[in-house]
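The values are calculated or read from the model by the stated rules, or taken from the named source; none is laboratory data. The model shown is predicted, which means the values in this text are computed figures rather than measured ones. Cβ placement follows ideal geometry from the backbone for every residue including glycine, while neighbour counts extend to all protein chains displayed. The accessibility values were calculated without ligands, DNA or RNA, using every heavy atom of the protein model including side chains. Shrake-Rupley method; radii C 1.70, N 1.55, O 1.52, S 1.80 Å.
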Amino acid sequence: MVLLAEAFMSGAYSGCFLGNPGLRASRNLPLRLRLSAGMQTTEQLNRFPSPATRPHPLAYRDGSLWMGSWDTDRIYVIDPQTWTVRNEIQAPGRPYGLTVFGDELRAVIAHGEEEDRYVYRLLPDRGFDLESKTPCPDHTGSHIAAKGSTIYLGQMGFHRILAMRPDWTVEREIELPTPRCAGFGFGPDGHFYMTSADEEFENLAFGTFDVAGDRSPFESIRPLPEEARSLAYDGARWWTCLREANEIASFTV
């Protein structure tokens, strides 16, 4: 991963203020042109090269970013300070969701031509526990987050989030407040944050809503690039995968 670190340290992927017409031409220009006009008032978005193509999903644990790749079916453990890969773990299928749960992680993995979804334990020092394979309800699920003993599983086809117990039984259903969702997670003060999108998966926005409430509205905070998928919070910054751009981005609000 020397080239990855060199690109990061050389400034090739340094932070850029989006929407600033005075920025020099770069490989990021086409993406910036697709951002909404409201991006001019947002904070800095820092972009870094992904260690593997089509990065997704993303989680943060103990000083490391845990990133999946749709093209390699592997999990990469990244040092966000040096932007080097600390470890690689082979996944049992295509990763769709990843979250920290206690001292471990939980992952949503797709299998077969129908991409049926299953959840697995992911042990930081040992890899995937294959015996933990459990089908998602209706064999569908993607984004996943956890708070305390409750696990939140997104089922975009049903336009809902399931609040689940550690044994994967369903506590309740939460209706999505927006047409589409491109990622979610818990952030400052334990609040729930989400990336929303319209029916065409455009006009992405980062914001928050109350998953404890009944049909709570989504409160938009800032727009995000159309490529943004997954969310992870490291205690100071948010991280997202720019999946089709093969990049990882961080931002603050």
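Observations on the structure shown:
- Residues that are buried (at least 18 other Cβ atoms within 10 Å of the Cβ) and among the β-branched types (Val, Ile, Thr), drawn from region 112-134: 119
- Top-ranked residue of region 48-66 - restricted to ones that are out of contact with any Lys or Arg (no Cβ under 7 Å at 6 or more places or on another chain) and outside any strand (DSSP E or B), ranked as most open to solvent (accessible area, probe 1.4 Å): 62
- Any hit, region 206-220, residues being among the polar types (S, T, N, Q), open to solvent by 60 Å² or more (accessible area, probe 1.4 Å) and more than 20 Å from residue 105 (Cα to Cα): yes
- Within region 238-253, the set of residues being surrounded by fewer than 19 Cβ atoms within 10 Å (Cβ to Cβ) and under 13 Å from the mean Cα position of the chain (by Cα) is empty.
- Residues in region 67-76 that are touching a residue at least 40 places away in the same chain (Cβ under 8 Å) and either of a type in the set (Gly, Ala, Ser) or open to solvent by less than 10 Å² (accessible area, probe 1.4 Å) (or both): 67, 75.
- The single residue among 159, 191 that is within 21 Å of residue 238 (Cα to Cα), of a type outside the set (Gly, Ala, Ser) and either open to solvent by less than 80 Å² (accessible area, probe 1.4 Å) or in contact (Cβ under 8 Å) with a residue 12 or more places away in the chain (or both) turns out to be 191.
- Test for residue 45: is it closer than 26 Å to residue 221 by Cβ, at pLDDT below 95 and open to solvent by less than 10 Å² (accessible area, probe 1.4 Å): yes
- If the condition is being open to solvent by 10 Å² or more (accessible area, probe 1.4 Å) and of a type in the set (Gly, Ala, Ser), then region 94-109 contributes only 102.
- Qualifying residues in region 178-206 (those that are among the polar types (S, T, N, Q) and in a strand (DSSP E or B)) - the one farthest from the chain's Cα centre (by Cα): 196
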